[in-house]
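Visitor: Okay, here's the structure, questions in a sec.
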Amino acid sequence: MALRGFFARHRIVAAVAAPLALGVAAAGTAWLAFESPTSIETELTASTTECHDMVTVSIAGRNDTPPDTVPRLVDDKGNPLPAALSDDYSSHWVDPVSNAAASVNKLKPGSYANLYVAYPANMDSYEEAVAQGVENTQTVMREIRQACPNTRFSVVGYSEGADVARRVAMNIGHQDGTEGYDIVDPTNVVGVVIFADAGRSFEQGPFPGAKNPYTNPDGFDTAYQKGENTAGGAGAVTGTGGSDFGALGGKVAAFCSDGDLTCAIPENISLLQLAVNVGRQLDIDSLEKGGLTPENGIGVATVIGKVAYDAFAVISSQPNWMQSDQTFLDVLLTVSDPAYKPTKPDGALPVKPAADTIDAKQMSPLAYLPEKLFKEVVNLIVTNQNTIPVVMSDPYQLTLGPDVGHHFDYWRDTADGKPLSSAEYAAAWLTQLAEDARAGKPLPTTTTTAPPTTTTKAGATSVTTTSGAKAAAAVSSAPSTTVPVPSSTEPLSPAAVTPTVPVPTETVTAPVTTAESPVTTESPATPTGTASTTTSVTPTPVP
């Protein structure tokens, strides 16, 4: 059947989770403490010892994670792992991409497998949820590697799961490797797909590190688009991004749509960026449901108090700070980043006892006060030129609005010289990689990397099925800052509408599998459709 026809049946129920910008760290990792081997019914298990030519590790978004009622993957000792096979759990958003490559199983049964990582996909604390997702993903991949050293991997992430996928890719690509690889050999990771790349560097192309970062990943001869179009702005999550994926450069497809403020946030919105940094550490789920309460108010006060303390610690550690060009807003942006680590373990310099009098040397910095205040005002104006336009644009509706939110463009963005949507293109690429794995095509020994910008690290897990784990909550909605931690399956609006997706003319042979929409905690319409798979694409030669 035509590749386009496959995706046309998976139309978008345009309503999902909230802006990634105000994402927050996740709690609830105790469910992952699997200690001793357990006895599991045979029909409910799939083990890491069942090797495949290629495995796709999928990480979906808010509230789109295997619940504890879904059979879990198990390791070679029968221990449950934080993952479930796509036969037992499916994501409405991710399935059309990660399950497309299952078409190779018609030629060689069991050659390809797709699994979903379980993690706290919520905004109970965005930063902790993503960190747990990284750890679980790396654990799953590590377990599979130990049981099946020749298995090839691809990683797919969307929304909150996109941040997880990016950090995992950064960690894998920047392993030392002199004494072996802690996670997996980067050579065996053949592709990474990121939808709504929150760590994207400024105006980064869709294929960072590739020979042509705007047209195609290395080794795939189908062109994604004509020209060098790319979304403006950068990702909303600072401190974890950049275009340097190390050894995985050229094997990453990081998509971003203009208007999706999770990945295309404009420059000069420093106050919104400050709100994003703080929001990533708050219990956004609780604030969304019940507003500010005594319970969550303690958390808000703790985060704000820590930011203020760290800011004054930085200033007090610099005797000449008043004479410097650094502003208080600059300091706040630095210390509010969840990745910030104080240079001094104890924070500020030792506090001296108050004196009865102030000598001239202590008074001298006050002479710089008028100039310092002037710099503060100028910096505030210059670094917030786009803050008001962003706020006035209704950022939530722009990014996550049903039917129109740009956070869902990746399944319908066939325009501007693109014959396939981003999701269709990624599905075709993964299908080709799976076919190469099935046929035993040798892996390239070298990779091309793009100029580094920043690097990031994260964590992992392994494979088999038993029941047990935890369904995670979801990504947050970032109010006026509109930097969402996208959620992949959970709409935030009361009513969901199914948009019409344009159908391209390219044809592709694709087997059909049934994909169920994951259960979410909200009431939006549950999408139903057939998650078909793609076997081949008529390539558009890369110029």
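Visitor: Output wanted: per-residue J couplings in Hz (rounded whole) for the range 176-186, from phi through Karplus 6.51 cos²θ - 1.76 cosθ + 1.60, θ = phi - 60°, x for Gly and Pro.
Guide: Result, rounded to whole Hz: 5, x, 5, 10, x, 10, 5, 9, 9, 5, x.
Visitor: Using a 10 Å cut-off on Cβ atoms, rank the peptides 312-324, 244-256 from the highest mean neighbour count down.
Guide: The peptides rank, most packed first, as 244-256, 312-324.
Visitor: Beyond 24 Å between alpha-carbons counts as too far, so tell me which of LYS251/LYS341; LYS106/LYS226; LYS226/LYS251; LYS251/LYS441 fall in that bin.
Guide: LYS251/LYS341; LYS106/LYS226
Visitor: Given charges of +1 on the Cβ of Lys and Arg and -1 on the Cβ of Asp and Glu, with all other atoms neutral, how large is the dipole of the range 262-310 about its Cα centre, in debye to the nearest 20?
Guide: It works out to roughly 60 debye.
Visitor: May I pose another question? Roughly how many debye, to the nearest 20, is the charge dipole of the range 216-305 about its Cα centre, given +1 on each Lys and Arg Cβ, -1 on each Asp and Glu Cβ, and no other charges?
Guide: 80
Visitor: Would you work out which of GLY180, GLY209, MET170 lies farthest towards the positive end of the dipole of the range 168-244? Charges go on Cβ: Lys and Arg +1, Asp and Glu -1.
Guide: GLY209
Visitor: Okay, next question. Applying a 10 Å radius around every beta-carbon, put 436-442, 290-296, 168-174, 201-207 in order of their mean neighbour count, most first.
Guide: Highest to lowest by the protection proxy: 168-174, 201-207, 436-442, 290-296.
Every read-out reported here was derived from the displayed coordinates using simple, explicitly stated rules and does not represent laboratory data. All of these numbers come straight from a predicted model, not from anything done at the bench. A quick note on method: Cβ atoms are made from the backbone with ideal geometry, for glycine too, and the neighbour counts reach across all protein chains shown.
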